[in-house]
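All remarks here apply to the structure that follows.
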Amino acid sequence: MIIKNNNTIHLQGRDVSYIMFVNETGDLLHFYFGKKIADCDYYQMKDEWNEIWGFVSNQIALDVYPQEYPAYGYSDLRNPAYQVVNKHGNAVSRLIVKEIEILKGVAHVEGMPELIDNENTSAETLKVTLVDEIIDLKTELYYTVFDEYNVIARSAVIINGADKEVEILSAYSTSIDFPMDDYDIVHFAGAWGRERDMHRTSLTMGMKAEIENARGGSGSQLNPFVMIASKDADEFRGDVYGFSLIYSGNHSTVAKVDQFGFLRVQQGINPHQFSWKLKPGEVFYTPQSVMCYSEEGFGALSREYHDVYRNNLMRSTWTHRNRPILINNWEGTYFDFTEEKLLEMAKRAKEAGIELFVLDDGWFGKRDHDRCSLGDWTVYKDKLPSGIDGLAKKINDIGLKFGLWFEPEMVSRDSELYRAHPDWAIAVPDRIPVESRHQYVLDLSKDEVCEYVIKAVSNILSTANVEYVKWDMNRQITDMPELGYNHKYTLGYYKVMSAITEGFPNVLFEGCSSGGARFDSGVLAYMPQIWTSDNSDAIARLKIQYGTSMCYPVMSISSHVTASPNHQNGRITTLKTRADVAHMGTFGYELDITKMSDAEFEEVKAQVALEKELQTLVRTGDLYRLLSPFETNYCSWEIVSKDKRQVMLFACKVLAVAQSKNKLIKLQGLNPDAKYKNLATGKVYGGDMLMYKGIRINYKMEDFATELIRFEEV
Ligand code: DGJ
């Protein structure tokens, strides 16, 4: 709901208020974001900032005011939300409110994914039009709020009303001034194979924290999700603010504490290597930034994002369906396979109850290694004589669905495509393009290149029964031909994704980027699951999946059981540990199932049967993280059905410790008055006991011991 009360505008979500007002000079000032409060004309409170000394004598000093979309050059000396170089060559600006509208439904972000409305939610959007009349620059700020959620989704639109071209140097999607200090910033950093490690840092006066990536995609190094947390905040309590950018390109989230201890947080496209020319009358859209508030710590904030993204972001027809349990051949065979071998694997997988066979890299062109053929999306006949259609049919005859790997944004130097269209690869004039994994990136800023990609993938999908696609992207983009290029590329990527996912609405798409290097809410809008990391070791995955779940729904976390010793770090774990961890997410196998012993195979059968019982709960339930692998020798998470009747509890003791008492696990989110039965032992416990006293697990005396316990209300 949005209320306009004289000069005050009040956005109310389920339990949150976001309040701003227009002051007498027409500036749009921020007043409050936090727990829901009653409405009133808060403009009367504006004097509270006047006690702070300002340096401008004849007008208000914006430097001391919390603002909604600050500029630089008009007495606010902090980081601006936007910088537009005007015809005079300076970037000084001041936006004055001209119009305030309250619109039904969600805001629209041209060319990029955005939150959507549906019959279960009721959204309203505030549109504030601001104008800098001196340079004829118009800006529209959009704020979407849902009655059902605690989120505010923000985006901005910049319109050049002048008769000369202007240049945008930066344009954040959101900018918010918290009139208080004493906060921490929590961000998710990493690298290939150890994505989304949780880091917490104190924000102190004068310090600028910038969580940014300029690697072409959202990246494994820093995720476009950041939290600002009160000092006492943890999983279960405390004030936490989330900032999640629905964007898959170069991103930036900046947090800076000013001279008064006030905190400014901004999120949007990374200004590094960015510039965007706007001709007279042209419009620039920023991506959407989804802000969220929780007074109950990280856990409640995550559950909020999970619900919003499941219901109002992810558009795939598979979002609300159980995903087929898959087996992928990559770690089983790498490039070295024949049709016969694949069919042998598929037959055995079918016997185990697996539902989908995915053929990974190596099926096209002359692809026996990673040095050739990307771009040539026609079957490698010597390897697969029946073609993709023939192979798909044979897999279907075994009783499995068939899925296929693509890396459509790429081209190998050694490929027919590159020989025919060398100019389609991204390159900087006069310089040799930078190769990575022996490949170049296709220039998706060009329409003809996007059309080729759409056609090449569509050709395969419309001639063979491919029911799943793994969409990979295995390198970063460094040599960008012009400033702002990465945004053009990202818009091209979204254009391609829209065309293909809309063209094949029944295909299940899985995102991937050297593992989890493009795990962001922009991708999730098109693909309801993402390969979370190439590191498939169960113990490494504790942290990776724990960190990823801070923002992204469990159902989007693709998680496979692979061979032991693990191929990425050599760790030896039991098949049970590997499956227990993989059940938290979209479950599958990625190994040579024909090489398993009979005993292992029987275990796989039982795991597949268990997954079929768990997957609705995992897809639709609420996640509670109970013990952090970042802070303890344990890791525990729990998924509770929305009706609180079904519970899956996962617990791991990472290293065995002699003569130690295992940590108590206090469950969360249960009905305290209900009785819950442990489905394995038949023991019945009160919901209150499970939550308030907790349970102590007797782990096996070995490293990496895990337990997966199911409770059901009786
Ligand atoms: C990187 C992916 O993350 C892997 O799962 C696999 O698909 C390879 N690419 C194939 O080249």
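The values are calculated or read from the model by the stated rules, or taken from the named source; none is laboratory data. Everything quoted here is computed from the prediction, not taken from an experiment. Backbone-built Cβ (ideal geometry, glycine too); neighbour counts: all protein chains shown. Calculation scope for accessible area: heavy atoms of the full protein, side chains included, ligands and nucleic acids excluded. Shrake-Rupley method; radii C 1.70, N 1.55, O 1.52, S 1.80 Å.
Quote the charge dipole size of the chain about the Cα centre in Debye, to the nearest 20; the model charges only the Cβ of Lys and Arg (+1) and of Asp and Glu (-1). Please list the in-between numbers first.
Working: 77 positive and 100 negative charges, 347 e Å.
Dipole about the Cα centre, nearest 20: 1660 debye.
Setting aside same-chain residues fewer than 8 positions from Lys381, which lysines have a Cα under 23 Å from its Cα?
Answer for Lys381, where 23 Å is the Cα cut-off: Lys341, Lys347, Lys366, Lys393, Lys394, Lys401, Lys455, Lys470, listed by chain and number.
What residues from segment 399-435 fall in the zone where the backbone N is under 19 Å from a label point 7 Å along the Cα-to-C-beta line of Asp368?
Answer for this model: 412-416.
Please state the charge dipole magnitude for segment 627-713, taken about the Cα centre, from unit charges on C-beta atoms (+1 on K and R, -1 on D and E), reported in debye and rounded to the nearest 20. Don't skip to the answer; put the middle values down first.
Values: 14 positive and 10 negative charges, 44 e Å.
With only Lys, Arg, Asp and Glu charged at Cβ, the dipole is about 220 debye.
Tell me the per residue accessible area of segment 326-617 using a 1.4 Å probe; a whole number in Å² is fine. Can you show the working numbers first?
Values: 9650 Å² over 292 residues.
With the other protein chains kept in place, segment 326-617 gives 33 Å² per residue.
Consider just the alpha-carbon atoms of segment 2-312 and return their Rg together with their Dmax, both in angstrom.
18.4, 57
In nanometres, what is the gap between the two model label sites at Glu48 and Ala191, each 7 Å from Cα along Cα-to-Cβ?
For the pair Glu48/Ala191, the computed spacing is 4.6 nm.
Using the Karplus equation 6.51 cos²θ - 1.76 cosθ + 1.60 (θ = phi - 60°), what ³J(HN,Hα) coupling, rounded to whole Hz, does each residue of segment 591-601 give in order, writing x for Gly and Pro?
For segment 591-601, the Karplus-derived couplings read 6, 8, 5, 6, 9, 7, 6, 4, 5, 5, 4 Hz, x marking Gly and Pro.
What are the radius of gyration and Dmax of segment 448-514, computed over its Cα atoms and given in Å?
13.3, 42
Taking the convex hull of the Cα atoms, report for the chain its projected area averaged over all directions, in nm².
Taking the Cα atoms of the chain, their convex hull projects to 32.0 nm² on average.
Going down the table (Lys644/Lys683; Lys208/Lys488; Lys138/Lys277), which pairs top 24 Å between alpha carbons? Mind showing how you got there, number by number?
Values: Lys644/Lys683 18 Å; Lys208/Lys488 28 Å; Lys138/Lys277 15 Å.
Those over the limit are Lys208/Lys488.
Normalised radius of gyration for segment 1-157, please: alpha carbon Rg relative to 2.2 N^0.38 Å, two decimal places.
Scaled against compact globular proteins, the figure is 1.09.
Quick one: if the Förster radius is 41 Å, what FRET efficiency do Glu351 and Arg14 give, using the C-beta to C-beta distance and rounding to 0.05? Intermediate results must be reported in sequence, preceding the final value.
Numbers: r = 48 Å, r/R0 = 1.16.
Taking R0 as 41 Å, the efficiency between Glu351 and Arg14 is 0.30.
For segment 381-468, which GluC sites (Glu not before Pro) are both in a DSSP coil and crowded by at most 16 other Cβ atoms within 10 Å?
Taking segment 381-468 and a limit of 16 other Cβ atoms within 10 Å, the loop GluC sites (Glu not before Pro) found are Glu435.
For segment 481-598, with all protein chains present and a 1.4 Å probe, just round the carbon and sulfur fraction of the accessible area to a whole percent.
Here it works out to 53 percent.
Given charges of +1 on the Cβ of Lys and Arg and -1 on the Cβ of Asp and Glu, with all other atoms neutral, how large is the dipole of segment 2-312 about its Cα centre, in debye to the nearest 20? Let's see the in-between values first.
Details: 27 positive and 45 negative charges, 158 e Å.
Approximately 760 debye in magnitude.
Given the DSSP H assignment, sum -39500 (n - 2.57) over each helix run of at least 4 residues in the chain and divide by its residue total; what's the result at 222 nm in deg cm²/dmol, nearest 500? Mind showing how you got there, number by number?
Working: 11 runs with 134 residues, N = 714.
Helix contribution divided over all residues of the chain: -6000 deg cm²/dmol.
Please give the Cα centre distance for segment 586-611 versus segment 365-399, rounded to the nearest Å.
A separation of 25 Å, based on Cα centres.
Taking R0 as 35 Å, what's the FRET efficiency between Glu602 and Asn120 from their Cβ-Cβ distance, rounded to 0.05?
Here the calculated transfer efficiency is 0.25.
Full-extension gain between Glu613 and Thr594, please, as 0.36 nm times their residue separation minus the C-alpha to C-alpha distance. Don't jump to the answer; show the numbers that get you there.
Numbers: separation 19, 0.36 × 19 = 6.84 nm, distance 2.48 nm.
Length difference between fully extended and current span is 4.4 nm.
Using 0.36 nm per residue, how much length does the chain from Asn396 to Ile3 gain when fully extended, once their Cα-Cα distance is taken away? Write out the running numbers ahead of the final one.
On the way: separation 393, 0.36 × 393 = 141.48 nm, distance 5.61 nm.
Taking 0.36 nm per residue and subtracting the Cα distance, the gain is 135.9 nm.
Using the Cα centre of segment 2-312 as origin and beta-carbon charges of +1 (Lys, Arg) and -1 (Asp, Glu), tell me which of Val166, His108, Met45 is placed farthest towards the positive end of the dipole.
Val166
Kindly express, to the nearest 10 degrees and within the range 0 to 90, the angle between helix 387-398's C-alpha long axis and the longest C-alpha principal axis of the chain.
Helix 387-398 sits roughly 70 degrees off the main axis of the chain.
What is the spin-label model distance, in nm, from Tyr334 to Lys104 if the labels are put 7 Å beyond Cα along the C-beta direction?
For the pair Tyr334/Lys104, the computed spacing is 5.9 nm.
Quick check: convex hull over the Cα atoms of segment 326-617, volume per residue in Å³, rounded to an integer? It would help to have the intermediate numbers written out before the result.
On the way: hull volume 37.0 nm³, N = 292.
Taking the convex hull of the Cα positions in segment 326-617, it is 127 Å³ per residue.
Using label points projected 7 Å from each Cα along Cα→Cβ, tell me how many nm separate Leu169 and Ser436, to one decimal.
My value for the distance between the label points is 2.7 nm.
Past the 22 angstrom mark, what percentage of all C-alpha to C-alpha distances in segment 238-352 do you count? Mind showing how you got there, number by number?
Numbers: 4182 of 6555 pairs.
Beyond 22 Å sits 64 percent of the P(r) for segment 238-352.
May I ask you to compute the full-extension gain from Met207 to Asp41, defined as 0.36 nm times their residue separation minus their alpha-carbon distance, rounded to one decimal in nm? Don't jump to the answer; show the numbers that get you there.
Working: separation 166, 0.36 × 166 = 59.76 nm, distance 3.39 nm.
Length gained between Met207 and Asp41: 56.4 nm.
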